[in-house]
Every structure is written in structure tokens, then in C-alpha cells.
């Protein structure tokens, strides 16, 4: 399975979990507004793009915290 399919399956699982009604509503509104059709990434500065890439790399290498872990540590 390629990486895109794995990500797609992971997102579908996350979205369809019980208790994600707010997320579903947000995604529905985004879809209806057409905001998912715009290429917002193109409007970002080089610094913003670099920050996103760094975050993606951190996540890939396991350098991340769940919201719960963050608030337990910093709350």
C-alpha cells in the first residue's frame, strides 16, 4: 500500500470515530465553501512552508505529543 492510501485510511478512521461530530461539521462546511479547492499552500511564504515541512518531519520521526500529553506537561 502506498503512503497516500495509508494516510487516507488513517484519516477515514479518525473522521468516522464516534464523538467527532464537530470535525464532521467543519469538514462539511469546508467542502461546501469550496475552500478545499483553493491551493492555499501556494500563498504561504518560504518560512511558513519550511515550518510545515519541519513539522511533518518531526511527526514522521516521532517527535510529537498528543494534546493530552501537552497539557499534562504544560497545563
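The values are calculated or read from the model by the stated rules, or taken from the named source; none is laboratory data. As the structure is a computational prediction, the values presented were derived from the model and not from experiment. Virtual Cβ from ideal backbone geometry, glycine too; neighbours counted across all protein chains shown.
Scanning segment 20-60 for residues that are at pLDDT 85 or above and outside any helix (DSSP H, G or I) gives 44, 45. Scanning segment 36-49 for residues that are within 16 Å of the chain's Cα centre (by Cα) and surrounded by 10 or more Cβ atoms within 10 Å (Cβ to Cβ) yields 36, 48, 49.
Residues in segment 61-75 that are surrounded by fewer than 11 Cβ atoms within 10 Å (Cβ to Cβ) and part of a loop (DSSP other than H, G, I, E, B): 61, 62, 63, 66, 75. For segment 1-11, a residue qualifies if it is surrounded by fewer than 10 Cβ atoms within 10 Å (Cβ to Cβ) and modelled with pLDDT of 80 or more, and the qualifying residues are 2, 3, 4, 5.
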